[in-house]
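A short worksheet on the structure shown next.
The values are calculated or read from the model by the stated rules, or taken from the named source; none is laboratory data. Note that the coordinates shown come from a computational prediction; the quantities given were computed from them, not determined experimentally. Here the Cβ positions follow ideal geometry from the backbone for every residue, glycine too, while neighbour counts run over all protein chains shown. The area values use the complete protein model at the heavy-atom level, side chains included, leaving out ligands, DNA and RNA. Shrake-Rupley method; radii C 1.70, N 1.55, O 1.52, S 1.80 Å.
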Amino acid sequence: MKGPIVLCGLGRMGSRILETLREANLPVVVVDNACRPNDPRLGGARLVSGDCRRREVLEAAGVADCGGVLILTNDDLLNVTTALTVRAIHPDVNIVVRMFNHSLISRLGAAVHNVFALSTSLLTAPIVALTALTGQALGAFRLEGLAADQRQIAEVVIQPGCELRGRPLASAFLHKDALPLAHLRADGTEQLLLEVDLETPLAAGDQLVVCGEPRAVAEVMAAAGEPEPPHLRWAGWLRRFWRMTWGTIAQIDRPVLICTLVLIAVLLGSTLLLHSTKAGGRLSYGEALLRTVGVMATVGQFHEDDFDTEWMRFYIGFLRIAGAALTAVFTAIITNYLLRARLRGALEVRRIPDGGHIVVCGLSPVGFRVVEELVQAGQRPVVIEVSADNRFVTTARRLGAAVIIGDMTVGPVLRQAHAGTARAVVAATNHDLVNIETALLVRELNRMQRVVLLLSDPQLAKVVRESVNIRLAVSQPGLAAPAFVAGLYGQRVLSVFSMSDRLFAVIDLIVQPQDAVLIGQTVRAVAVDYRLAPIAVLPARGPAPDPPLAARLDVGDRLAGVIALSDLDNLLQRRPAPQNCTVEATAVPQPARPWLAGLLRTLRGVGQEEAEKMVGRLPLRLAAGLTRGQAQELLAQLARERVAARLTSA
């Protein structure tokens with residue numbers, strides 16, 4: 001990337017992104033009006049003090065010759081103004097803007113050239129949801145154009161008693177749609193991307209970094225000995241009905257309850273009285289109840305012989321007055337109760353599983369996005385939200401989530417959500433202290449419970465992981481920062497993640513007509529030349545190739561893969577790989593001689609007779625001036641025909 005990166009705004013998000021840029025060895029110029037030159041967060045980066053909206057400040061930061069601009073303040077209007085000012089200074093530079101208004105995210109990018117608006121909640125939610133489902137996730141991204149487009153990058157540890165121990169690495173991925181990105185052995189040896197040897201035996205304590213669909217990653221984790229996730233458990237019908245009934249009664253206001261009990265008492269008393277008196281002796285219990293309801297509703301009629309005594313006349317008059325009053329009061333109170341939706345909240349109790357579900361505490365923007373991701377993954381989340389007026393409550397219920405209105409820092413509320421037997425609990429409110437209190441309270445319910453704790457302070461998240469033993473304490477800036485760095489490279493980079501203390505990028509590359517170094521090359525050759533681990537090949541025409549490594553790239557084809565961030569610029573700039581490799585055949589079995597002669601005619605342009613003579617003289621130089629990727633592709637072809645060969649380089 002040519003020129004330094006200009007970073008506007010050094011808050012929590014900006015500080016974490018600055019650390020990520022330093023890890024990538026990218027020069028940075030910081031623009032901030034509150035930062036001091038001796039601020040330790042700068043770490044040697046050049047500081048330009050001032051308002052990033054002002055043209056002279058941006059020009060002093062070198063925007064005219066920079067490699068990219070990151071705008072990370074907490075004010076959407078300020079961010080948009082800065083982006084437009086940058087575009088006026090530098091018409092082509094990539095601009096990554098932090099946005100809180102989700103409706104502006106797609107519109108801003110469509111209206112202004114090379115502007116990528118990102119939301120921290122949209123970036124964070126998929127990783128948090130996958131962490132809750134699987135126990136950890138290094139990154140997440142989507143491959144557009146595939147039916148199952150969700151991909152997860154996760155770390156798997158080989159357990160002592162698992163079925164893979166002592167077997168080759170390939171057995172972990174046999175018949176599984178997952179790709180090994182790294183093998184970090186317990187003895188300290190590291191194999192990354194193309195260096196991964198599938199024949200290496202696995203040992204207890206080895207770590208694998210895998211990429212694939214969440215389902216495939218879960219299968220690898222299960223084979224590695226990771227504990228199986230609990231299944232969704234529901235109570236019996238009778239128990240759920242009783243729980244719903246009792247929850248409904250407990251939610252009823254006292255005036256409603258008193259009015260209801262008085263009405264029931266009057267109905268029962270009048271029914272018994274009319275059945276037992278001489279005037280009502282001809283009435284059965286059902287007829288007495290019907291006559292009582294009719295009188296109370298002022299529509300029932302009595303004949304003269306029904307009330308031949310004076311006290312019965314007084315009783316009927318009293319019953320009409322009491323019925324009118326009780327009916328009016330009961331109708332008004334019940335209507336008010338239903339309008340406030342208290343009954344609906346009580347009925348949510350029946351939709352809460354006994355175990356195996358995921359509890360999301362807090363319908364913050366991130367919490368709601370986590371609920372969306374879980375619903376898309378086929379889960380039935382249970383939400384705890386303190387405010388009934390939260391704007392996401394109705395939408396969360398419409399998605400199918402059970403929502404409990406209550407304080408998640410109160411033990412009975414967590415027990416009502418069955419947080420102790422849940423698959424995982426996600427603490428995702430807007431307040432770090434509330435999230436920490438919730439996580440500690442959940443651990444009191446079940447000390448082995450998986451808790452995903454979302455914090456806004458990266459340093460606090462690190463301290464909580466180390467001191468409180470909440471392994472899945474993550475920070476929103478820490479999860480979103482790699483995506484902002486990826487945005488500097490445009491839409492071609494889907495994600496950035498850390499692996500073995502190095503940064504790697506997930507790239508989605510489209511072959512263009514001017515890409516001479518890619519057109520006609522096999523995926524294996526491109527992967528070796530640019531040190532890329534292929535994830536998927538999506539051809540412009542026809543089905544996906546099988547095997548993908550042997551497919552030849554053409555205009556319009558898409559190649560998705562993982563590459564070290566330090567190697568990314570070579571691929572994006574299409575820099576040709578060195579052509580200094582030679583391939584020689586050293587031994588040729590008799591059945592392969594005709595095939596090798598035909599290959600020589602193609603590679604060397606000789607006739608059939610001369611090619612057959614050359615095959616008899618070993619060692620035989622097949623081709624020279626190849627890139628390492630082209631040489632590896634040729635060696636793979638020779639190996640399939642059992643021809644022994646060697647590669648030499650200048």
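Summary of computed values
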| quantity | calculated |
| --- | --- |
| Cβ-Cβ under 9 Å pairs, at least 6 apart or on other chains, the stretch 208-219 side small (Gly, Ala, Ser), far side open to solvent by less than 40 Å² (accessible area, probe 1.4 Å) and part of a helix (DSSP H, G or I) | GLY212/PHE173; GLY212/VAL220; ALA216/PHE173; ALA218/LEU133; ALA218/THR134 |
| Exclusive hit being part of a helix (DSSP H, G or I), aliphatic (A, V, I, L, M) and either open to solvent by less than 30 Å² (accessible area, probe 1.4 Å) or closer than 21 Å to GLN379 by Cβ (or both), set ALA137, ALA125, ALA154 | ALA125 |
| Sole exception among (1) surrounded by fewer than 23 Cβ atoms within 10 Å (Cβ to Cβ); (2) charged (D, E, K, R); (3) within 28 Å of SER498 (Cβ to Cβ) for GLU59, by number | (3) |
| Residue list for the stretch 382-397, filter: assigned to a loop (DSSP other than H, G, I, E, B) and open to solvent by 40 Å² or more (accessible area, probe 1.4 Å) | VAL386, SER387, ALA388, ASP389, ARG391 |
| First in the stretch 406-428 and more than 12 Å from LEU441 (Cβ to Cβ) and assigned to a helix (DSSP H, G or I), second anywhere and modelled with pLDDT under 90 and β-branched (Val, Ile, Thr), Cβ under 9 Å, 6 or more apart | GLN416/VAL349; GLN416/ILE352; GLN416/ILE404 |
| One residue from ALA592, ALA560, ALA544 being over 27 Å from the mean Cα position of the chain (by Cα) and on the phi < 0 side of the Ramachandran plot | ALA592 |
| Any hit, the stretch 76-91, residues being in contact with a helix residue (DSSP H, G or I) (Cβ under 8 Å, 6 or more places away or on another chain), closer than 23 Å to ARG22 by Cα, part of a loop (DSSP other than H, G, I, E, B) and open to solvent by less than 80 Å² (accessible area, probe 1.4 Å) | no |
| Hits in the stretch 546-590 (condition: hydrophobic (A, V, I, L, M, F, W, C) and more than 19 Å from GLN630 (Cβ to Cβ)) | VAL555, ALA560, VAL562, ALA564, LEU565, LEU568, LEU572, ALA587, VAL588 |
| Every residue from the stretch 504-538 that is open to solvent by 40 Å² or more (accessible area, probe 1.4 Å), at pLDDT below 90 and under 29 Å from the mean Cα position of the chain (by Cα) | ILE510, ILE535 |
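Yes/no per residue for (1) surrounded by fewer than 24 Cβ atoms within 10 Å (Cβ to Cβ); (2) in contact with a Phe, Trp or Tyr (Cβ under 6 Å, 6 or more places away or on another chain); (3) farther than 21 Å from THR73 by Cα; (4) at pLDDT 85 or above:
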| site | (1), (2), (3), (4) |
| --- | --- |
| ARG465 | yes, no, yes, yes |
| ASN469 | yes, no, yes, no |
| SER475 | no, no, no, yes |
| ALA483 | no, no, no, no |
| GLN491 | yes, no, yes, no |
| LEU494 | yes, yes, yes, no |
| MET499 | yes, no, yes, no |
